[in-house]
1. Given the options SER158, SER23, SER167, state which has the largest fluctuation in a GNM of the chain using a 10 Å cut-off (strictly under) for Cα springs.
2. Computed over the Cα atoms of region 156-208, what is the ratio Rg over Rh, Rh following Kirkwood?
3. Over the Cα atoms, compute the radius of gyration (one decimal) and Dmax (the largest Cα-Cα distance, rounded to a whole number) for region 1-138, in Å.
4. Bin width 10 Å, origin at 0, all Cα-Cα pairs of region 109-207: what percent of pairs per bin?
5. Express the Stokes-Einstein translational diffusion coefficient of region 26-105 in µm² s⁻¹, to the nearest whole number, given a Kirkwood radius over alpha-carbon pairs, 37 °C and a viscosity of 0.692 mPa s.
6. Let me know the volume per residue of the alpha-carbon convex hull for region 6-241, in Å³.
7. Counting pairs of alpha carbon atoms under 8 Å apart in space and at least six apart in sequence, what relative contact order in percent does region 6-241 give?
8. Count of lysine pairs in the chain with Cα atoms under 27 Å apart, counting only pairs 8 or more residues apart in sequence or on different chains?
Amino acid sequence: MNSKTGQAMRNDIDRIVGEVEESGVCVVPNFIPADLLWRIRSDLDQLNDLERQHGVAFLESEGANQRVFNLVNKGEVFEEIVQHPDVMAVMDKLLGGDFILSGFSSNTTGPGGEEMTLHSDSGYVPPPHPEYLLSANAVWMIDDFTEENGGTRYVPGSHKLRTVPDSRRNYETVPIIGEAGSVAFLHGYTWHKTGSNNSRDGQRRALFAYYVRPFLRVQENHIVSVREEVWHRASPALRHLLGGDLWLNSIGFFDGPPKAYREAAFPRRSGLGTPPKPTSQGK
Ligand SMILES: O=C(O)CCC(=O)C(=O)O
């Protein structure tokens, strides 16, 4: 699958989904056109610098690794790619036809960056995880992923166990290798971690767009954290991803279900919401 060109892969969503389900990961090369890759790099570098300058950077390994969270709130290019139609098509099949965004963050590893703890992205769900998939990640490779520069490592076959790794054990991991401009789709039950960056001067920049079934609580609270300006210009697809729509007309409402739904569901109680008439007793 990895030897196919990006265009051919994009036309073949079913096969990408099949590889994710079978192998726990599928790397799609040449996914990101050169001009888009350039825009992402330039905005990400600026964000990394800005958050360091303002003393709000999320740093690990004594500053060798840096994360930027809530990317949807931090640049239009990120709003654009988080709803990329080909990514949406893959997620749609992996996640049963409906999904929302749990989090969108970058992780830049630099020389000396240490590896992360091995984990599953669904580790907060008590095992055994359901047979159907709860979550999946689209990993945007902004630099080449190599064994040396900290390319994400994973445990082959772990996604089929539907549980979390035992923190007392050592597991054999293999690196996810890919060229800058690829997107890797990662099964939400695959055990994985950032690799250690043993390069002399190689950065490994990557974006992690993490999608979940719509009934799960999300990592980043977009309703509270995303700026009004972003909500105003959001496409219907982005609003949905950010949790701005009701699910099944009953999850995520503000002050009771919407009137049309109430009337359809409870026709004899359609007076709900009309204030009671004052009575003389009530005066
Ligand atoms: O940086 C990486 O390679 C992995 C990041 C990761 O595992 C995560 O964000 O959950």
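1. Residue with maximal mean-square fluctuation among SER158, SER23, SER167: SER167.
2. Details: Rg = 13.2 Å, Rh = 13.4 Å.
In region 156-208, Rg relative to Rh is 0.99.
3. 16.7, 45
4. Going from the shortest bin to the longest, the percentages are 17, 46, 30, 7, 0.
5. My calculation gives 228 µm²/s for D.
6. Each residue corresponds to 126 Å³ of Cα convex hull volume.
7. On the way: 489 pairs, mean separation 67.1, N = 236.
Relative contact order comes out at 28 percent.
8. Eligible lysine pairs with Cα atoms under 27 Å apart amount to 8.
FYI, it's all coordinate maths here, none of it is from the lab. Keep in mind it's a predicted model, so treat the numbers as computed, not measured.
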